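All of the numbers you see were taken from the coordinates with simple rules; none came from a lab. Just so it is clear, the structure is predicted and the values come from calculations on it, not from any experiment. Note that each Cβ is placed from the backbone with ideal geometry, even for glycine, and that neighbours are counted across all protein chains shown.
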Amino acid sequence: MSERRACKAIGCCRMTMRYRTTRADDASLRQRMRAIAQERRRFGYRRLHVLLKREGYLINHKKLFRLYREEKLTVRRRGGRKRAIGTRAPMLVPMTRNDRTTGGRSTLCRIS
């Protein structure tokens, strides 16, 4: 089947089928972006944009965000708060005065 008939059958323009992109190759930019993201794991695309601009790369922030997503780069999450594991020992009731110690120092405990 010819291109003209195929396009007419599916209802699209022939120029759409013949279109070839003229987008520049961003291999060096992608490589540098990946290197910075590996070095600085907590930097997002906005901070990467600032660093790349300092290095002399002139790039639109929207294009940088698209490349950032295509490279599957994300900001690494920080570790969560460390919590106590297991059960704690119950506090002992002092039997006499100065019976309980905390951190090597004795504390006064008055018994009524």
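Show me 49-60, 78-89, 14-25 ranked by packing, highest mean number of other Cβ atoms within 10 Å first.
Highest to lowest by the protection proxy: 49-60, 14-25, 78-89.
Between residue 29 and residue 76, what length comes free when the chain is fully extended (0.36 nm per residue of separation minus the Cα-Cα distance, one decimal in nm)?
Contour length minus Cα-Cα distance gives 14.8 nm.
Would you work out which of 49, 80, 11 lies farthest towards the positive end of the dipole of the chain, given +1 charges on the beta-carbon of Lys and Arg and -1 on that of Asp and Glu, about the Cα centre?
It is 11.
How high is the relative contact order of the chain? Use alpha-carbon pairs under 8 Å, at least six apart in sequence, and give a whole percent.
After rounding, I find 16 percent.
Using label points projected 7 Å from each Cα along Cα→Cβ, tell me how many nm separate residue 41 and residue 99, to one decimal.
Here the answer is 5.0 nm between the modelled labels.
Using unit Cβ charges (K, R positive; D, E negative) and no other charged atoms, how large, in debye to the nearest 20, is the dipole of the chain about its Cα centre?
260 debye
Computed FRET efficiency, Cβ-Cβ of residue 53 and residue 6, R0 35 Å: what is it to the nearest 0.05?
0.15
Which ³J(HN,Hα) values in Hz, rounded to whole numbers, follow from the phi angles of segment 83-94 under the Karplus curve 6.51 cos²θ - 1.76 cosθ + 1.60, where θ = phi - 60° and Gly and Pro get x?
Running phi through 6.51 cos²θ - 1.76 cosθ + 1.60 with θ = phi - 60° gives 10, 5, 9, x, 9, 8, 6, x, 6, 7, 7, x Hz.
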